[in-house]
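Novice: Supplied in structure tokens, the structure appears directly below.
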Amino acid sequence: MQSTCKVGLSINRCELIDIQNSKSNGSRHLSAKQASQKLPSTMFSQIQPKNDLFGLPLPSDDPAFIAVILIHILLSFCAVLAGLAGMFMNKNSRRHATFGKLYYWFILLAFVTVIILAILRWPHNNHLLLIGAMTTLFVLIGRKLAQDKRSKWARWHTILMGGSYILLLTGFYVDNGEHLPFWKQFPQWFFYILPAMVGIPIIVFVLRRHPLTRT
């Protein structure tokens, strides 16, 4: 530090001036440090979700976004229930066909909401748009196979409809897994493979055991 003493000043006066300058410089350094620490937290708070729904954070508080996400949740939940019910019904029964048809329409309508959400938050939801597109494609082909009933249709119908159910759950876990009480301990990539780890063995079991899929 440069001395602020001048000729003719007493030693005590010089020491007092140096101490005051030291405090002033220290205050400036402290203010700069506090500002640098506050800036990241301020920036971080700006990108945090502004709202939550059923305990899950929402990336936007826009009323249109919230309305669409509510419809999407309802349709997806109905698709999960319809798909699950269809799995446990006799594959040759009318109930299986009915629940399969409901599952088909719930998936299509849910995909419409996925497209809208992707547009509203472009490009942040592109990965969910891709998962939704693959789910819908599997359902479309799987239902077409069941209607045409060509050679080995049952095997491919089971694979595609089962695969669409895996993708449906994958979309949910990828989007929400890190916020769920138990699942948040796992890394994000784990949610991409979790439904497949459970679903693929079940599909293989059905393919090997069910009479329609063994031919």
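Novice: Among the listed residues Ala146, Ala118, Ala154, which satisfies the condition of being touching a Phe, Trp or Tyr at 6+ places or on another chain (Cβ under 8 Å), more than 15 Å from Val80 (Cβ to Cβ) and in a helix (DSSP H, G or I)?
Specialist: Ala146
Novice: Still on this structure, I have one more. Examine segment 154-171 for a residue that is modelled with pLDDT under 95 and surrounded by fewer than 16 Cβ atoms within 10 Å (Cβ to Cβ), and state whether such a residue exists.
Specialist: No, segment 154-171 contains no residue that is modelled with pLDDT under 95 and surrounded by fewer than 16 Cβ atoms within 10 Å (Cβ to Cβ).
Novice: Still on this structure, I have one more. If I go through segment 142-152 residue by residue, how many of them are free of Cβ contacts under 8 Å to residues at least 60 places away in the same chain and surrounded by fewer than 17 Cβ atoms within 10 Å (Cβ to Cβ)?
Specialist: 6
Novice: Looking at (1) part of a helix (DSSP H, G or I); (2) surrounded by fewer than 13 Cβ atoms within 10 Å (Cβ to Cβ); (3) at pLDDT 85 or above, find the lone condition where Phe44 falls short.
Specialist: (3)
Novice: Test Pro201 against the stated conditions and say whether it is at pLDDT 95 or above, part of a helix (DSSP H, G or I) and over 23 Å from Leu129 (Cα atoms).
Specialist: When the stated conditions are applied, Pro201 passes them.
Novice: Name the single residue, out of those in segment 172-185 being among the hydrophobic types (A, V, I, L, M, F, W, C), surrounded by 15 or more Cβ atoms within 10 Å (Cβ to Cβ) and modelled with pLDDT of 85 or more, that is farthest from Leu70 (Cα to Cα).
Specialist: Once the filter is applied, the top-ranked residue is Val174.
Novice: Tell me, yes or no, whether segment 165-182 has at least one residue that is in the same structural domain as Arg143 (by TED's automatic domain parsing) and farther than 21 Å from Ile73 by Cβ.
Specialist: no
Novice: In this structure, is Arg121 at pLDDT below 95 and closer than 26 Å to Ile66 by Cα?
Specialist: Considered against the rule, which asks whether it is at pLDDT below 95 and closer than 26 Å to Ile66 by Cα, Arg121 comes out as yes.
Novice: Could you figure out which of (1) surrounded by 19 or more Cβ atoms within 10 Å (Cβ to Cβ); (2) free of Cβ contacts under 8 Å to residues at least 12 places away in the same chain isn't true of Leu130?
Specialist: (1)
The values are calculated or read from the model by the stated rules, or taken from the named source; none is laboratory data. All of these numbers come straight from a predicted model, not from anything done at the bench. Glycine gets a Cβ as well: all are built from the backbone with ideal geometry, and neighbour counts include every protein chain shown.
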